[in-house]
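One structure is given here, and the rest of the page talks about it.
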Amino acid sequence: DTAVSQTPKYLVTQMGNDKSIKCEQNLGHDTMYWYKQDSKKFLKIMFSYNNKELIINETVPNRFSPKSPDKAHLNLHINSLELGDSAVYFCASSQDGTSYNEQFFGPGTRLTVL
Amino acid sequence: AQKVTQAQTEISVVEKEDVTLDCVYETRDTTYYLFWYKQPPSGELVFLIRRNSFDEQNEISGRYSWNFQKSTSSFNFTITASQVVDSAVYFCALSVLDDKIIFGKGTRLHILP
């Protein structure tokens, strides 16, 4: 059973388009995250939700909008895609949002903006 | 502010050699947690270990061992008798109470057959 799943795995699109990435976890965790990993492998948190409530919102363009319909799902919608949005986006979850808990990561979604 | 430095960008060793990945952290908090994650070529990030700031005991898990030293703010990771399957990017990370986790920039490890 996949613990944290993301769809799609690959996403190739044109500049200016709007796209969404979906994430689901079946671990019963309360907290979910979105990370962006750039071409140099630098991993940076974008958002965190705890029980459907936004708790971390890093300095991210407002073209990026997370949505959590329930605590098992956290989707990422990106409007007006730009070349610089090309990266691998990882979803993750943890038991709760405390700093103690390890995070479980999804397989990543490689977004390429042409 | 918290910071994690992994000074080694890339390391190559021949299979069966031992290799140590360095991690130096900065924080003014007295309670914090340190992590190591592995990212193999397949891309997913895998949790390896967690340490809290009050537990300086070193840890060994098979060929993997971790050396936590508060005096030097370091949390180094050693792989003994390395294998090709150990080839990956390894991330050290730090979190403090009520704050987000900060990842280092990663060390890419190549194990050559």
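The values are calculated or read from the model by the stated rules, or taken from the named source; none is laboratory data. Nothing here was measured: the structure is a model prediction, and the numbers come from that model. Cβ atoms come from the backbone with ideal geometry, glycine included; neighbour counts cover every protein chain shown. Ligands, DNA and RNA are excluded from the accessible area calculation, which covers all protein heavy atoms including side chains. Shrake-Rupley method; radii C 1.70, N 1.55, O 1.52, S 1.80 Å.
A few points about this structure:
- Of the residues making up segment A:48-64, those that are over 13 Å from the mean Cα position of the chain (by Cα) and within 23 Å of A:Gln14 (Cα to Cα) are A:Pro61, A:Asn62, A:Arg63.
- Flag for A:Leu111 being open to solvent by less than 20 Å² (accessible area, probe 1.4 Å), over 28 Å from B:Thr107 (Cβ atoms) and part of a strand (DSSP E or B): no
For every residue, the table says whether it meets (1) among the small types (Gly, Ala, Ser); (2) in contact with a Leu (Cβ under 7 Å, 6 or more places away or on another chain).
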residue	(1), (2)
A:His73	no, no
A:Leu83	no, no
A:Ser86	yes, yes
A:Ala92	yes, no
A:Glu102	no, no
A:Val113	no, yes
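- Subset of segment A:47-86 [within 14 Å of another protein chain (Cβ to nearest Cβ), open to solvent by less than 80 Å² (accessible area, probe 1.4 Å) and not acidic (Asp, Glu)]: A:Phe47, A:Ser48, A:Tyr49, A:Asn50, A:Leu54, A:Ile56, A:Val60
- Strands (runs of 3 or more DSSP E) (entirely within segment B:27-113) containing at least 1 residues that are more than 10 Å from chain A (Cβ to nearest Cβ) and open to solvent by less than 60 Å² (accessible area, probe 1.4 Å): B:32-39, B:46-52, B:64-69, B:74-79, B:88-96, B:107-112
- Condition check for A:Lys44: in contact with a Phe, Trp or Tyr (Cβ under 9 Å, 6 or more places away or on another chain), at pLDDT 90 or above and either among the aromatic types (Phe, Trp, Tyr) or open to solvent by less than 70 Å² (accessible area, probe 1.4 Å) (or both): no
Okay, residues lined up against (1) part of a strand (DSSP E or B); (2) closer than 17 Å to B:Asp98 by Cα; (3) within 15 Å of the chain's Cα centre (by Cα); (4) without any contact (Cβ under 8 Å) to a residue 24 or more places away in the chain:
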residue: A:Val12; (1), (2), (3), (4): yes, no, no, no
residue: A:Met15; (1), (2), (3), (4): no, no, no, no
residue: A:Lys41; (1), (2), (3), (4): no, no, no, yes
residue: A:Pro66; (1), (2), (3), (4): yes, no, yes, no
residue: A:Asp96; (1), (2), (3), (4): no, yes, no, no
residue: A:Tyr100; (1), (2), (3), (4): no, yes, no, yes
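- The residues of segment A:87-108 that are more than 10 Å from chain B (Cβ to nearest Cβ) and crowded, with 17+ Cβ neighbours inside 10 Å, listed by number, are A:Ala87, A:Tyr89, A:Cys91, A:Ser93.
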